[in-house]
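Asks: For reference, the structure I am asking about is given below.
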Amino acid sequence: MPLAVADIDTPAVLIDLDIVEANIRRLQERLDGFGVANRPHIKTHKIPALAKLQIAAGAVGITCQKLGEAEVFAEAGVADDILLTYNVIGAAKTERLAALVRRLERMAVVLDNETVARGLAEAAVRHDVDIRFLVECDTGFGRTGVQSPQAALDLARAAARLPRMQFEGLMTFPLKLPDTRQFLERALQLFNGAGIPVPVVSGGGTPAVASVGDVPMLTEHRAGTYIYNDVMMVTAGAAGWDDCAMRVRATVVSRPTGSRAILDAGSKVLTWEQHNAQGFGRIVEYPDAVVAGFSEEHGKVDLASCARRPEVGEVVHLIPNHCCAVTNMMDEVYGIRGGRVEAVFPVAARGKVR
Ligand SMILES: Cc1ncc(COP(=O)(O)O)c(C=O)c1O
């Protein structure tokens, strides 16, 4: 392993460990301040060693988006308490889920329809386990989730009537005010009226951390991106540049014109993710440069607004638009501190999308 950052060949993904540790500490303190449990989403880093830091700082468990991630993290002995925030469909997956439930101290899964519930119940019976579930509520994001508080109650009741299925609570992503609070308030009234306890109300999202205090019924929060941060989080006002821990290290391989530079990192490292950002990443050494687009292995940089311009062979560092997507592009990332490489982390759950 290279000992100095300057010796790391490009393209490479670097993670500043001082910033990671500060981000972990800050989020934990904020959620502790609200009295809300911290259940970080590991899809951002996919690295068991970093999840161990999150748990050591006070997280109650972890969140995984995909079963394959949960299997990797269970195998690594990271946490005995995992929430899977995805509808699990088909016998190939429900078998694996039931095996995980058997193996972990606590494993819960979300669902938003009865087809999922029936498949889970069948696997639970076959494996002789109880499956804890949360009903996912769409409180304004427009993705998965039941569409009304009444639908949440109806689904919870229908699923809990199935064998070995245990209702544990409600889940939503992200927090949208005032919609999320109103939805959850009404849902809790309905559950209360029906005499059904709701031990867990799980919210999520890094920008949403600022709103946790405005959704007082939350018992836990799932933030993911906060551990690294990225251009999207800065654009959203959820982080500053100094809070961004991930850097893509890249070399200028060509300067075909006076105003164009080409990097050896293209869409297969930085990805086409854009969301609300301008361009496709921020070059730390040249903040006025615009990463205008990619080929797979070429990053196209417009230098027209730069007074100073890089030369061929120069190495630069980029803060990506969306760190979670970049995570899935590399076999390993370099943990750095003070210009030195402290660890090379295999991205253990890379590609675990099943
Ligand atoms: C279900 C769910 N929970 C939590 C998160 C974490 O959100 P963020 O990455 O903004 O921290 C995500 C992100 O995609 C998500 O889909």
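The values are calculated or read from the model by the stated rules, or taken from the named source; none is laboratory data. In this text the structure is predicted, and so the values were computed from the model without any measurement. We place every Cβ from the backbone using ideal geometry, glycine too, and count neighbours over all the protein chains shown. In case anyone asks, the SASA skips ligands and DNA or RNA and just uses the protein heavy atoms, side chains included. Shrake-Rupley method; radii C 1.70, N 1.55, O 1.52, S 1.80 Å.
Asks: Once every Cα of the range 18-227 carries one equal point scatterer and solvent is ignored, give the base-10 log of I(q)/I(0) from the Debye formula at q = 0.07, 0.11, 0.19 Å⁻¹, two decimals.
Replies: -0.19, -0.48, -1.39
Asks: While we're on this one: Output the pairs from Lys46/Lys268; Lys66/Lys300; Lys176/Lys268; Lys52/Lys176; Lys300/Lys352 with a Cα-Cα distance over 28 Å in this structure; if there are none, say none.
Replies: Lys66/Lys300; Lys176/Lys268; Lys52/Lys176; Lys300/Lys352
Asks: Let me ask you something else. Using only the alpha-carbon atoms, how far is helix 91-103 inclined from the longest principal axis of the chain? Give it as 0 to 90 degrees, nearest 10.
Replies: For helix 91-103, the angle is close to 80 degrees.
Asks: Largest first and in whole Å, give the semi-axes of the chain's equivalent ellipsoid, each being the square root of 5 times a Cα gyration tensor eigenvalue.
Replies: Working: eigenvalues 322, 89, 64 Å².
Each semi-axis is the square root of five times an eigenvalue, giving 40, 21, 18 Å.
Asks: Here's a follow-up. Against the empirical 2.2 N^0.38 Å scaling, what ratio does the C-alpha Rg of the range 194-300 come to?
Replies: Against the compact-globule rule of thumb, the ratio is 1.46.
Asks: Loop only by DSSP, 10 or fewer other Cβ within 10 Å of the Cβ. Give me the GluC sites (Glu not before Pro) in the range 91-141 that pass, ordered by residue number. Spell out each step's value before the answer.
Replies: On the way: sites: Glu95, Glu105, Glu114, Glu122, Glu136; in loops: Glu105.
Taking the range 91-141 and a limit of 10 other Cβ atoms within 10 Å, the loop GluC sites (Glu not before Pro) found are Glu105.
Asks: Would you please give the FRET efficiency between Asp128 and Gln166, computed as 1/(1 + (r/R0)^6) with r the Cβ-Cβ distance and R0 = 25 Å, to the nearest 0.05?
Replies: Between Asp128 and Gln166 the formula returns 0.95.
Asks: With every protein chain left in place, what is the accessible area of Lys52 in Å² (1.4 Å probe, nearest 10)?
Replies: Answer for Lys52: close to 100 Å² accessible.
Asks: How many angstrom separate the Cα center of the range 290-354 from the Cα center of the range 1-73?
Replies: Cα centroid to Cα centroid, the span is 18 Å.
Asks: Another question, if that's okay. Once neighbouring chains are kept in place and the probe is 1.4 Å, which whole percent of the accessible area of the range 18-227 is contributed by carbon and sulfur?
Replies: Summing carbon and sulfur atoms, their accessible area is 50 percent of the total for the range 18-227.
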